[in-house]
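Enquirer: Sharing a structure below in structure tokens format, with a few things to ask.
The values are calculated or read from the model by the stated rules, or taken from the named source; none is laboratory data. Note that the structure is a prediction, hence the values are computed from the model and not measured. Here the Cβ is made from the backbone with ideal geometry for all residues, glycine too, and neighbour counts use every protein chain on show. What goes into the accessible areas is simple: the full protein's heavy atoms, side chains included, and nothing from ligands, DNA or RNA. Shrake-Rupley method; radii C 1.70, N 1.55, O 1.52, S 1.80 Å.
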Amino acid sequence: MTATPLAQDDPVLRLCNITKRFGALTANDGISFDLARGEVMALLGENGAGKTTLMNILFGHYSADDGSVEVFGQTLPPGQPGAALRAGVGMVHQHFTLADNMTVLDNILLGTESLWKFGLGRGAARARVAALSRDFGLEVDPDAVIAALSVGERQRVEILKALYRDARILILDEPTAVLTPQETDALFDTLRRAVALGLSVIFISHKLHEVMAISTRVLVLRHGRLVGAVATQDTDRHKLAEMMVGAEIIPPAPSKATPGVPLLMLNRVTTAGLRDVSLTLRAGQITGLAGVSGNGQGALADLLSGLAVPRAGTLEIAGDTVTDWTPRRAIAAGIGRIPEDRHKTGTIADFTLTENAILETYADIPNSRYGWMDWRGAEQRAEAIIAQYDIRCPGPGTRIRLLSGGNMQKLILGRVLEESPRVILANQPVRGLDIGAVTYVQNQLLNARDSGAAVLLISEDLDEILTLSDVIHVISEGRLSPAFPRGTMKPADLGQWMAGQGFEYAA
Amino acid sequence: MRLEAIANPTLARSIGLPVLALVATFVVGGMLAMLAGANPLLTFGLILKGAAGSKFALLETLNRATPLIFTGLAVAVAFRARLWNIGAEAQLYAGALVTILIGTKLALPGVVLIPLMGIGALVAGGLVLLGPVLLKTRLGVDEVVTTLLLNFIMLLVISMLLEGPLKDPMGMGWPKSEAIPRDARLPRLVEGLRLHWGFGIAILSAIVVWVIQTRTTLGYEIRAVGLNAAAARFAGIPVGKVMIKTALLSGGLAALAGFSEVAGLRGTLTLDLSPGFGYTGIVVAMLALLNPLGVVVSAIFVAGIFVGADGMSRAAEVPTYIADILLATALLFMVLAILLTKFRVLRG
């Protein structure tokens, strides 16, 4: 693979002074680092810190304005996707790139077959995949169809794909976002085996405890600059968080909740993605919903948002069973909804802040009267939200696509909270936000709770659920666990439920 | 080659590129004129003269622009909501048909007939588009296919009626309808000039559409649905109902083209009423970047090219097809220009 033999302690990957500008924005500003053989290096940084840009340069998707990338002592030609792959760098993306209708083996072979040779040599390939599975602890049935696999198994296939292509450097982008705690442990075991076999790993994450658990060295990016490079053993979560944000972080410390009357009740509801779910949301209480992504969280959110109706069972709000359930009814019933995807469902990218601020209330005074828009009234409302929720923007006439995720989320939060909702559905309210915005959003939810709202918090981040929730449910394959009061469950116990154990009683 | 999104295009980019597109159009058109053995500058000069060189030419251009403003508005309104109405031609003929039915079958004074014909056409056009839209919102049937095919169905229905029940007994066997009475024709905009009130109604319609889009909750709903239907639905905007309202408006506007051509210009219904005004409306709307006031300008531009090319071909012996080519080229370059205002091309 390499022309000149490398000494054992030469770096396997060297980035020299990488700089990339997008217009006025400098996404990467003179970043240099070496990756040694057999180390797990964590790349830590908030959203927009430049992690993704850096990896895109490494993979030739962007060409850097300045600087060079060396893999095993050879400089990669800039802007040529594939050069890094051929040089032995494998990437596991956050969103998998697998063909759902093909088997594991076919997916691994896809793109590696020679055009000029008949037959695929599947026998030899199968043996190699089996050997790789064994060596790296990546158990997966080579003949299973991808569609039938769990998310954790799919990730293993992605890693096998990289290893099959002789990757000596593995890059994992937020690999644990979709895993249960148990699956995360298994992934870490694989990574440890990989480095023991002389591979090198770059682990991109913003989850500090995972970075502490798996890495040997941490690089911290902030605003496109490398602001810290420390050995993991010489640092702690607190210091890393400070480096990431550039300021001290005070995590929210919820006071004790005073639960009130039930405001929303599901009685044995079944929908496209929910199976016989009963749930009570009480005033002045945050109910956390834990679970592995794609286990019915979306279905429950759709139901409370008004996008889905129960096939069986009833939805009661303040004691009344709802009928003719639509998003507009949900809003009228006092449900404030923070959607999972702020880009696709929460906002309209080419609308201004003003237009987005009135998305749910455009038909009401003061935003309009008798079908005529009152743009002055709407703009005043937007300005009030901008001021109260500290939204950083040039003005209410700015198109929302130009705002950062955090500011976009603040607008949605403001739009929802200004209506003083009795029930708040917060679906992944802090995903992809930087720490400052995370703390802000979480404190706002706690304030809403303290002023008597019933909050349903859906999150894939167990830490967040454990910190904020007064009561926790776990969702798995559309079924809901019993309610666990604060402090009664440890992460590992919840992990068991997330993996689907304990639900037998309901069958 | 890859595309990279531009967050905030500069003014130079968003105005300069469309202008460049028009320049490129005339460069290509000029080369074609040279291919036909004519001097390109002379050719364009003759087109300009034919389109606006005299009072008569200018009025002819505005007359030709009138149906294009209506169909252009129809398309602009629908496309704003991402309702791909390719059936303005069918809606135009539906409007013309109802205009003829009301105008020839009801024995009423002209002052009553004219508004009745206009309203009848408006309703008919809306109803013609309602079917495809209900199929789209209820069953997910692609409206591009249904609206496009309805054009042919409508033309065949008209053909059948003109050969049968609506055939003018005094028409010497030609497939044409009876004429609507003189007093039910749209009056001239200015006495003595060959420009009828259809043009005035078209301008008024453009202003009304502009007001609806920028000043009413319906306009807000239409834009929201067009830009992001998922977010609109989540926010409680009734997407299906908005689509239906958009369809009624769009179909109605296209039908007014039929009303205006019959009641303002022809007086009768024939199968050559529209030389593709419905389809050209798509070009008009795209060139106007779906802006209703821009539609007026682009309709006059397009009509000018057609009218001017007629005059030019007689003098310079360049086929009138050059008008179609110029429009097609303008559309292609304009689409490219719009893309390039939003994205920047990167090599590698």
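Enquirer: Counting residues that are of a type in the set (Lys, Arg) and closer than 21 Å to A:Pro421 by Cβ, which helices (runs of 4 or more DSSP H) fully inside segment A:293-411 reach at least 1?
Expert: Answer list for segment A:293-411: A:327-332, A:375-388.
Enquirer: OK, next. Kindly indicate which of B:Leu218, B:Leu290 is open to solvent by 10 Å² or more (accessible area, probe 1.4 Å), hydrophobic (A, V, I, L, M, F, W, C), part of a loop (DSSP other than H, G, I, E, B) and within 14 Å of chain A (Cβ to nearest Cβ).
Expert: Answer to the selection: B:Leu290.
Enquirer: Right, here's the next one. Tally time: how many residues in segment A:1-20 are in contact with a strand residue (DSSP E or B) (Cβ under 7 Å, 6 or more places away or on another chain) and either among the acidic types (Asp, Glu) or modelled with pLDDT of 85 or more (or both)?
Expert: Total satisfying the criteria: 10.
Enquirer: Being modelled with pLDDT of 90 or more, within 9 Å of chain B (Cβ to nearest Cβ) and within 21 Å of the chain's Cα centre (by Cα) narrows it down to one of A:Gly298, A:Gly346, so name that one.
Expert: Just a single option satisfies the conditions, and that option is A:Gly346.
Enquirer: I want to confirm something. Restricting to segment A:55-67 and keeping residues that are within 18 Å of A:Leu219 (Cβ to Cβ) and of a type outside the set (A, V, I, L, M, F, W, C), which single residue is farthest from the other protein chains (Cβ to nearest Cβ)?
Expert: A:Gly67
Residue-by-condition table, conditions (1) at pLDDT 95 or above; (2) more than 30 Å from B:Gly110 (Cβ to Cβ); (3) open to solvent by 40 Å² or more (accessible area, probe 1.4 Å); (4) within 14 Å of chain A (Cβ to nearest Cβ):
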position	(1), (2), (3), (4)
B:Val144	yes, yes, yes, no
B:Asn151	yes, yes, no, no
B:Pro165	no, no, yes, no
B:Arg185	no, no, yes, no
B:Glu191	no, no, yes, no
B:Trp197	no, no, yes, no
B:Ile212	yes, no, no, yes
B:Val225	yes, yes, no, yes
B:Val242	yes, yes, no, yes
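Enquirer: May I ask you to verify whether A:Ala124 is open to solvent by 60 Å² or more (accessible area, probe 1.4 Å) and among the small types (Gly, Ala, Ser)?
Expert: yes
Enquirer: Now for a separate question. If A:Tyr370 passes every condition in (1) out of contact with any helix residue (DSSP H, G or I) (no Cβ under 6 Å at 6 or more places or on another chain); (2) on the phi < 0 side of the Ramachandran plot; (3) open to solvent by 80 Å² or more (accessible area, probe 1.4 Å) but one, which one does it miss?
Expert: A:Tyr370 satisfies all of (1) out of contact with any helix residue (DSSP H, G or I) (no Cβ under 6 Å at 6 or more places or on another chain); (2) on the phi < 0 side of the Ramachandran plot; (3) open to solvent by 80 Å² or more (accessible area, probe 1.4 Å) except (2).
Table: residues versus (1) within 22 Å of A:Lys256 (Cβ to Cβ); (2) out of contact with any Gly (no Cβ under 9 Å at 6 or more places or on another chain).
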| residue | (1), (2) |
| --- | --- |
| A:Leu425 | no, no |
| A:Gln442 | yes, yes |
| A:Arg449 | yes, no |
| A:Leu457 | yes, no |
| A:Ser469 | yes, no |
| A:Val474 | no, no |
| A:Ser481 | no, no |
| A:Thr488 | yes, yes |
| A:Phe503 | no, yes |
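Enquirer: Next question. With the requirement that a residue be of a type in the set (D, E, K, R) and touching a helix residue (DSSP H, G or I) at 6+ places or on another chain (Cβ under 7 Å), what does segment A:242-275 give you?
Expert: A:Glu248
Enquirer: Name every residue in segment A:317-333 that is away from every other protein chain (no Cβ under 13 Å) and crowded, with 16+ Cβ neighbours inside 10 Å, in order of residue number.
Expert: Those that are away from every other protein chain (no Cβ under 13 Å) and crowded, with 16+ Cβ neighbours inside 10 Å: A:Ile317, A:Val322.
Enquirer: In the list A:Leu187, A:Leu191, A:Leu240, which residue meets the criterion of being open to solvent by less than 30 Å² (accessible area, probe 1.4 Å), without any contact (Cβ under 8 Å) to a residue 60 or more places away in the chain and of a type outside the set (D, E, K, R)?
Expert: A:Leu187
Enquirer: Restricting attention to segment B:34-61, which residues are aliphatic (A, V, I, L, M), touching a residue at least 40 places away in the same chain (Cβ under 8 Å) and surrounded by fewer than 24 Cβ atoms within 10 Å (Cβ to Cβ)?
Expert: Within segment B:34-61, B:Ala36, B:Ala38, B:Leu42, B:Leu46, B:Leu48, B:Ala52, B:Ala57, B:Leu59 qualify.
Enquirer: Out of all the residues in segment A:7-47, which are within 14 Å of another protein chain (Cβ to nearest Cβ) and in a strand (DSSP E or B)?
Expert: Once the filter is applied, which keeps residues that are within 14 Å of another protein chain (Cβ to nearest Cβ) and in a strand (DSSP E or B), segment A:7-47 yields A:Lys20, A:Arg21, A:Phe22, A:Leu25, A:Ala27.
Enquirer: What are the pairs with Cβ atoms under 8 angstrom where one residue, in segment B:310-323, is open to solvent by 10 Å² or more (accessible area, probe 1.4 Å) and the other, located anywhere, is basic (Lys, Arg)? Sequence gap at least six, or different chains.
Expert: B:Gly311/B:Lys49
Enquirer: Given the condition outside any strand (DSSP E or B) and over 23 Å from A:Asp324 (Cβ atoms), answer yes or no: does some residue in segment A:265-272 qualify?
Expert: No - not one qualifying residue is present in segment A:265-272.
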